[in-house]
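Inspection log for the structure reproduced underneath, given as structure tokens.
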Amino acid sequence: MTYIAVIFTTQRSADLDGYAEMAGRMDELARQQPGFIGVDSVSDGDRGITISYWVDEAASLAWRQVAEHLLAQRLGRERWYDSYDLRVATVTREHAFRRDGS
């Protein structure tokens, strides 16, 4: 099964007022979108990476246009990020290891 990974790497600014709330809301909202598969996110100080997974490119593009997400994008550029990179990849293979066997 192939799917889309949207990789969002950020350098956060000093102005993070409202950031955590919006990030939580975007996580919640993304999970409600058609074609959403999952999300992984980590941060280290002012750097972060979030990878969202979608069944196909159409689903990932539809997420990009959700009204609340458009607001979050604008606020990110205006306030919360000094820089970011967005990459879109097609995943053609995956492998997993879990010590507990699940």
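Quick note: the coordinates plus some simple rules give every number you see, no bench work behind them. Quantities reported herein were computed from a predicted structural model and do not represent experimental measurements. For neighbour counting, all protein chains shown are included, and Cβ atoms are generated from backbone atoms with ideal geometry for every residue, glycine included.
Of 41, 102, 83, 60, all but one fail to be of a type in the set (Gly, Ala, Ser) and in contact with an Asp or Glu (Cβ under 9 Å, 6 or more places away or on another chain); the exception is 41. Give me the pairs: first residue in segment 33-60 and on the phi > 0 side of the Ramachandran plot and among the small types (Gly, Ala, Ser), second residue surrounded by fewer than 17 Cβ atoms within 10 Å (Cβ to Cβ) and not in a strand (DSSP E or B), beta-carbon distance under 8 Å, and six or more apart or on different chains, which are they? Matching pairs, first to second residue: 35/55; 35/56; 35/58; 35/62.
Here residue 98 fulfils each of the conditions (1) outside any helix (DSSP H, G or I); (2) basic (Lys, Arg); (3) surrounded by 14 or more Cβ atoms within 10 Å (Cβ to Cβ) apart from (3). Pairs linking a residue in segment 77-102 that is closer than 18 Å to residue 54 by Cα to a residue that is among the aromatic types (Phe, Trp, Tyr), with Cβ atoms under 7 Å and 6 or more positions apart or on different chains, are 86/8; 91/3.
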